[in-house]
Amino acid sequence: MPKDHIATYLDEVAEIAKKIDQGSIHKTVKILLDLRDKKGRLFILGVGGSAANASHAVNDFRKIAHIQSYSPTDNVAELTARVNDDGWDSVFARWLLRNHVTPNDAVMVLSVGGGNAEKNVSANIVHALNHAKAEGAKIIGIVSRDGGHTAKMADACVLVPVVNQENITAHAESWQAVIWHAIVFHPKLKMIEGKWESIQKPILS
């Protein structure tokens, strides 16, 4: 009898947890600590499900880690105006240009494949990273497959291992959340407790 889908999926989650490179996560933490010390900004880019993750991550980095964080997909009016006037491929690069990205800043990419210039996949991420690199900003990413353009350009890149070709997207987008939460709640980055963690602590007399 074939193994149940849910059991297989959760086994894959456990396998990814064992295989993922923890060193790249620690490196990302160090970059973000330096960014916060310099009062730099974190620009988080994502498309589709990763755009929704970017919004969530912006909230966490701002509220919990006290890092100025922004995502271009949070403002649908500006996003669609840029797409309408300039095209989809340049939308993130032009947004970074207008935000005057500097060497004190960092761009974080949340993506399944990380962008691919040769295959013209996620060209908006490719152009954005080229602009960020030219301006001297740090580049970090949480991606899967071979990491694509993000892995090539990044100062630190966390690769979500592929354990099943049929579940690449599901695991990549799920693990984006697992990893950024591990980063945000790292003792060196976390500035405040989560709500439930704070209210469940015993009151000392």
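Details
- Relative contact order (%) - segment 30-81, alpha-carbon pairs under 8 angstrom, separation at least six: 36 percent
- From the alpha carbon centroid of segment 120-155 to that of segment 3-20 is 28 Å.
- Rounded to 5, the percent of DSSP beta bridges in the chain classed as antiparallel: 5 percent
- For the chain, the relative contact order works out to 24 percent when only alpha carbon pairs closer than 8 Å and six or more residues apart are counted.
- Within segment 123-166, backbone nitrogen closer than 13 Å to the virtual label 7 Å beyond the Cα of LYS3 toward Cβ: 163-165
- Sites count as exposed loop sites when they are GluC sites (Glu not before Pro), lie in a DSSP loop, and have at most 13 other Cβ atoms within 10 angstrom; the longest stretch of the chain without one is 1-117.
- Extension gain for the segment LYS195 to ASN75, taken as residue separation times 0.36 nm less the Cα-Cα distance, is 40.5 nm to one decimal.
- Listed values for segment 23-29 are Karplus-derived 3J(HN,Hα) couplings in whole Hz (6.51 cos²θ - 1.76 cosθ + 1.60, θ = phi - 60°), namely x, 5, 5, 4, 5, 4, 4, and x replaces Gly and Pro.
- Computed from the C-beta positions of ASN120 and ILE168 and an R0 of 25 Å, the FRET efficiency is 0.85 to the nearest 0.05.
- Shape box of segment 33-73 [Cα atoms, principal axes, largest first, Å]: 31, 15, 12
- If you take the alpha carbon atoms of the chain and fit the smallest convex hull around them, that volume is 152 Å³ per residue.
- Backbone amide hydrogens, once placed in the peptide plane, bring GLN68 within less than 5 Å of LEU42, excluding anything fewer than 5 places away on its chain.
- The label-point distance for GLN22 and ASN104, in a model that sets each label 7 Å from Cα toward Cβ, rounds to 3.4 nm.
- Cross-link pairs exceeding 31 Å in C-alpha to C-alpha distance, out of LYS19/LYS152; LYS39/LYS119; LYS133/LYS188; LYS138/LYS190; LYS3/LYS63; LYS19/LYS190, comprise LYS39/LYS119; LYS3/LYS63.
- Where trypsin sites (Lys or Arg not before Pro) fall in DSSP loop in segment 26-87, at most 13 other Cβ within 10 Å: LYS38, LYS39
Quick note: the coordinates plus some simple rules give every number you see, no bench work behind them. Everything numeric in this text was worked out from a predicted model, so none of it was measured. Glycine also receives a Cβ, built like all others from the backbone with ideal geometry; neighbour counts cover every protein chain displayed.
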